[in-house]
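The values are calculated or read from the model by the stated rules, or taken from the named source; none is laboratory data. This is a predicted model, so every value here is computed, not measured. With ideal geometry, Cβ positions are generated from the backbone for all residues, glycine too; neighbour counts draw on all protein chains shown.
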Amino acid sequence: MSPEGLVDIPMNETLRDIEGHLLQIKRIGNSVGLILPKELLARLKLKEGDKLFVVEQTERGIKLSPYDPKHAKAMEIARRSFHQYADTYKALAE
């Protein structure tokens, strides 16, 4: 796992040993999915219902992360705007 909390999963392998955990793609109803062991969920601080963002990588791989890079970039732009135009936003709020 990388420092950003990202997990690399090569798309060309059905089974992959990730940090000591074997994951297998399984049928779940009419879909397929990965079953994540409790230990991995705890280590990644994830729980049922959490969302993971898929970031495609080179060499047919992906990274899964609870961190949405597009949302983070948009929030940074908004923060800069709020800081730069604080007086304008304050006047508009009145």
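Things to note:
- Matching residues, segment 56-88, being among the charged types (D, E, K, R) and surrounded by 10 or more Cβ atoms within 10 Å (Cβ to Cβ): Arg60, Lys63, Asp68, Lys73, Glu76, Arg79, Arg80
- From the options Leu22, Leu36, residue that is at pLDDT 80 or above and not aromatic (Phe, Trp, Tyr): Leu36
- Some residue of segment 71-78 being under 12 Å from the mean Cα position of the chain (by Cα), outside any loop (DSSP other than H, G, I, E, B) and modelled with pLDDT of 75 or more: yes
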